[in-house]
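See structure below.
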Amino acid sequence: GQGKVYQLISRRRFQQMEVLEGQNILVTISGKKNRVRVYYLSWLKSKILRTDNNIERRAGWINVGDLASAVHFKIVKYERIKFLVIALRESIEIYAWAPKPYHKFMAFKTFAELQYKPLLVDLTVEEGTRLKVLYGSASGFHAVDLDSASVYDIHLPKHPQGPITPHTIVTLPNSNGMQLLLCYDNEGVYVNTYGKVAKNIVLQWGELPTSVAYIGTGQIMGWGNKAIEIRSVESGHLDGVFMHKKAQKLKFLCERNDKVFFSSAKGGSSCQIYFMTLNKPGMANW
């Protein structure tokens with residue numbers, strides 16, 4: 001395209017968003033109350049193309065439940081079901097996508113009164129059958145068994161200098177949903193879903209990343225102030241590094257097709273969007 005910017009939704013702050021094309025929706029955490037709100041892609045598209053004169057009068061979105069103070073969400077597919085796992089300030093909610101005629105996310109399970117406040121969430125399927133919520137807090141990483149509702153710790157760093165910053169939870173490929181890479185602060189540890197050490201390796205970033213993401217090439221990317229590092233998700237080995245011309249704080253946005261998108265905060269409300277094209281493992285252009 002021409003890189004033209006369209007104003008679609010005004011005066012609303014967005015914290016997180018993810019597109020589900022097959023369901024015709026954009027899932028977001030947005031607004032002053034950090035609600036989980038779903039927008040219809042066809043509604044957004046007609047605002048760009050101006051194909052519907054009544055577009056402003058039609059409802060183009062729906063809230064998920066009456067949830068406020070959402071912190072993070074993750075969409076996970078299990079068999080033919082899409083689960084929406086949501087971290088709220090003090091609880092975790094799980095919704096499941098109900099196709100037509102409902103065409104919306106419906107409440108599935110709630111886990112309240114958690115000892116550690118969730119900051120990020122994920123869901124793994126152990127050996128194709130057992131569903132388990134994984135979440136990161138300022139103290140470490142924890143799991144919730146969906147069947148028994150039991151909550152237990154899978155990794156609490158031994159010598160934290162105060163609260164930690166969990167970045168991401170990666171379920172390792174070809175591990176039957178049982179082995180994890182848990183990234184926090186400037187390192188990552190390999191454990192299984194019961195908290196036992198899976199590999200005697202510690203992934204160590206060259207500098208403290210502001211954002212970490214697992215990408216489609218089977219690698220993990222870390223965005224630091226001075227450089228972007230690309231590492232093997234299986235070993236933590238450095239596959240590639242891209243230095244910045246000047247120090248800047250970068251944030252991962254999303255991965256679409258063969259491109260990874262990320263932004264830099266410029267101060268105030270302005271920011272710059274970058275993308276990196278992923279050709280093959282370790283090779284990238286931006």
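The values are calculated or read from the model by the stated rules, or taken from the named source; none is laboratory data. Here the structure is a predicted model, which is why all the values come from computation and not from measurement. FYI the Cβ positions are ideal-geometry reconstructions off the backbone, even for glycines, and counts take in every protein chain you see. The protein model used for the area step is the full one, side chains on, heavy atoms only, and it has no ligands, DNA or RNA in it. Shrake-Rupley method; radii C 1.70, N 1.55, O 1.52, S 1.80 Å.
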How large is the dipole of the chain about the Cα centre if only Lys and Arg carry +1 and Asp and Glu carry -1, each at its Cβ, rounded to the nearest 20 debye? 1420
For the stretch 62-116, compute the orientation-averaged projected area of the C-alpha convex hull (one quarter of its surface), in nm². 4.1
Report the FRET efficiency, 1/(1 + (r/R0)^6), for Q7 and L41, where r is their Cβ-Cβ distance and R0 is 22 Å, rounded to 0.05. 0.85
Largest to smallest principal axis extent of the C-alpha atoms in the stretch 117-184, angstrom: 38, 26, 18
Over the chain, consider all pairs of different Cα atoms and compute the Kirkwood hydrodynamic radius from their mean reciprocal separation; express it in Å, one decimal. 20.3
Accessible surface of the chain, 1.4 Å probe, proportion on carbon and sulfur as whole %: 50
Compute log10 of I(q)/I(0) for the stretch 215-267 with the Debye formula, placing one identical point scatterer on every Cα and leaving out solvent, at q = 0.18 Å⁻¹, to two decimals. -0.62
Relative contact order (percent, whole number), the chain, Cα cutoff 8 Å, 6+ residue spacing: 7
PRE reach from R256 (point 7 Å along Cα→Cβ): which of the stretch 4-19 fall under 16 Å by backbone N? 4-9, 16-19
Output the relative contact order of the stretch 68-160, whole-number percent, from Cα pairs under 8 angstrom with separation of 6+ residues. 19
In Å, the Kirkwood hydrodynamic radius of the stretch 16-55 over pairs of distinct alpha carbons? 11.0
Just want the answer: with Cβ charges of +1 for Lys and Arg and -1 for Asp and Glu, which residue in N257, P166, P209 is farthest toward the dipole's positive end in the chain? N257
Here Rg/Rh (Cα, Kirkwood) for the stretch 1-143 equals 1.01
Among the listed pairs K226/K251; K74/K259; K82/K104; K104/K259; K82/K109; K104/K251, which are separated by more than 18 Å between their Cα atoms? K74/K259; K104/K259; K104/K251
So what's the back-of-envelope 222 nm ellipticity for the chain, counting only DSSP H runs of four-plus at -39500 (n - 2.57) apiece and dividing by all residues, rounded to 500? -1000 deg cm²/dmol
